[in-house]
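Step one of this worksheet: look at the structure below.
Values in this text are rule-based calculations from the coordinates and carry no lab data. Note that the structure is predicted; figures quoted are calculated from it, not measured. All Cβ positions, glycine included, derive from the backbone under ideal geometry; neighbour counts span all protein chains shown.
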Amino acid sequence: MSPGGFLINVISAVIVIEYLKLSYKKDLEARQQKNTEDFYRMVREMNRVRHDMSGKLDVLYCLLEEENYEKARAYMEDMHRTVFRYSELPGDTGNAGVNAALIRAARECKEKGIRFHSSILGSPKNIDSMDIGVLLYNLFRNGIEACMEVQSEKKRRLELVVLERKDETELQVVNSIGHSVFLENPGLESRKKDREYHGFGMPDIYQIVQKYHGEYGCREEEDYFVQTIILKHLV
């Protein structure tokens with residue numbers, strides 16, 4: 001090959017690499033924008049639930065002040081039905097991103113017949129609410145997708161444990177699986193046609209883990225897929 005031909009091949013290869021980098025960057029920005037929009041919708045929903053309950057308590061207080069006990073009793077029954085409908089909603093964790101992600105996951109799990117449980121050990125205030133909200137959104141979305149592939153509804157389970165330490169925050173997400181993830185999808189890639197907004201969202205997860213100089217690990221335990229993420233505090 002002539003020096004000129006070799007140089008042309010090198011230039012062509014550089015152009016292709018730069019094009020792929022640009023395409024990946026645009027795809028990543030599109031996913032992040034979609035996740036950001038979803039996150040803010042979750043926050044608005046959380047605020048709406050809080051606002052509605054606060055208003056109901058104000059009305060109940062007024063009824064009791066007026067000694068209108070019959071209406072107060074009927075109103076309390078209505079509040080009970082409302083609270084029962086949202087009985088799985090978590091309390092305030094100290095992080096708006098975690099709150100919003102938990103509210104959305106709890107709602108979707110109830111709609112799809114998935115048992116959902118969360119344990120927050122300490123307040124994860126040292127992680128940016130947007131970052132941890134997007135991270136949990138992706139992890140929960142993956143877990144819910146996997147649970148829906150389990151035939152028995154009784155075996156569908158999604159759990160989150162958040163452990164706050166002095167210099168780091170550890171997240172562990174456990175979800176049911178109907179098959180071995182490592183055997184059928186070792187790259188954790190989306191199997192849906194619309195890959196831009198569905199699937200494991202691993203680039204988003206890795207990017208946030210890298211930002212916090214953290215670690216990501218996953219393993220299988222019988223019929224469950226376990227993901228563990230450690231995020232170092234930046235302060």
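Here are the numbers:
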read-out	value
Segment Arg165-Leu121, extension gain: residue separation times 0.36 nm, minus the distance between their alpha carbons	14.9 nm
Exceeding the 20 Å Cα-Cα cut-off - candidates Lys71/Lys110; Lys25/Lys232; Lys25/Lys125; Lys25/Lys211	Lys71/Lys110; Lys25/Lys232; Lys25/Lys125
Label-point gap, in nm, between Lys110 and Asp92 - each point 7 angstrom along Cα→Cβ	2.1
Sites Lys154 and Arg73 - FRET efficiency at Förster radius 41 Å, r taken between beta-carbons, to 0.05	0.65
